[in-house]
Amino acid sequence: MSERTNKKPMITCDSFLAADGVKIAWREIGQGRPLLLIHGFMSDADTNWIRYGHAAALANAGYRVIMPDLRAHGLSGKPHNPAHYPRNVLADDQFALLAHLGVEDYDLGGYSLGGRTVSRMLTRGAAPGRAVISGMGLEGLTNTAHRSLHFRQVFDNLGHHEKGSAARMAEAFLKTTGGDPEALRHILETITDTSVAQIAEWTLPVAVVCGEQDNDNGSVADLAALLRRGKLVLVPGNHMSAVIKPELGQAFVEALTGELW
């Protein structure tokens, strides 16, 4: 790990083609130990990690921060053909990105859907040094159908959600990020449960970082307690507002640089 600095590192952007020909874009910032950082549903790398300074904080802590835009998100391809959305494809895209970059020794983190993608990668053989699962509780990993139903209802009733409702807030976020509802709806078909037994098998250090008012994806305390080497870190905010606060990035820094352990 390189020495921390206060310099503002440069962000680069590139892309490659996944096995099925879909373009996967990613951004990078910083130099040092590779960190694959995965954003949440309907978001993108810029919104989740760059805009509010989290990526810069991690880069200044000595990381080469690699931030993909998931398929159907951001600058990546947004095909409408269901054939491009098999189960576990998001995890498979990340394995392909690591292989494309020649990265074998790395750390791993994700927020919300990104945290769920981290869980699928760990279950499917990923071996990072440390991991962070953020904005995600136990039920959000083991019973994904509940959350997927919420978003299907959001997409099915665009323009008709009650003011102030969770669905209306989700629709507003969709508009903010310029999301493609048809492509994003296909993403819901890719999501796969990770069982309690599978989570209990993980042997690496895993930090569970979550907003103290975030109950969107079940109990974060139960997830942390299930992990063999788990640490729970609560930061200010709920599922949406925690992302805009500097404490989130600082929690990632502490978890990944070993300050929690």
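Under the rule that an exposed site lies in a DSSP loop and has at most 10 other Cβ atoms within 10 Å, name the longest stretch of the chain with no trypsin sites (Lys or Arg not before Pro) of that kind, not counting the sites themselves.
On the way: sites that count: Lys7, Lys163.
My reading of the result: 8-162 is the longest stretch.
Fully extending the segment from Glu212 to Arg87 would add 41.9 nm, taking 0.36 nm per residue of separation and subtracting the current Cα-Cα distance. Computed from backbone phi, the HN-Hα couplings of segment 67-78 come to 10, x, 8, 4, 4, 6, 10, x, 8, 7, x, 10 Hz, rounded to whole numbers (Karplus: 6.51 cos²θ - 1.76 cosθ + 1.60, θ = phi - 60°; Gly and Pro given as x). Per-residue 3J(HN,Hα) values for segment 22-37, derived from phi via the Karplus relation 6.51 cos²θ - 1.76 cosθ + 1.60 with θ = phi - 60°, read 6, 6, 10, 9, 8, 10, 9, 8, x, 9, x, 5, x, 10, 8, 10 Hz in sequence order (x marks Gly and Pro). Backbone phi angles across segment 41-48, fed through the Karplus curve with coefficients 6.51, -1.76 and 1.60 (θ = phi - 60°), yield HN-Hα couplings of 5, 6, 9, 6, 4, 5, 5, 6 Hz in residue order; Gly and Pro are listed as x. In vacuo Debye scattering of segment 83-213, one point per C-alpha: log10 I(q)/I(0) at q = 0.09, 0.10, 0.11, 0.16 Å⁻¹? The Cα Debye sum returns log10 ratios of -0.29, -0.36, -0.44, -0.89. Divide the volume of the convex hull around the Cα atoms of segment 1-75 by the residue count and you get 77 Å³ per residue. For the peptides 36-44, 8-16, the ranking by packing is 36-44, 8-16, with the highest mean count of neighbouring Cβ atoms within 10 Å listed first. Ranked from largest, the principal axis spans of the Cα set of segment 114-186 equal 44, 24, 20 Å. A Stokes-Einstein calculation at 25 °C with viscosity 0.890 mPa s, built on the Kirkwood radius of the chain over Cα pairs, returns a diffusion coefficient of 135 µm²/s.
No value in this document is a laboratory result; all are computed from the given coordinates. All values derive from a computational prediction rather than experimental measurement. Because the Cβ atoms are built from the backbone with ideal geometry, glycine has one as well, and the counts that use them run over all protein chains shown.
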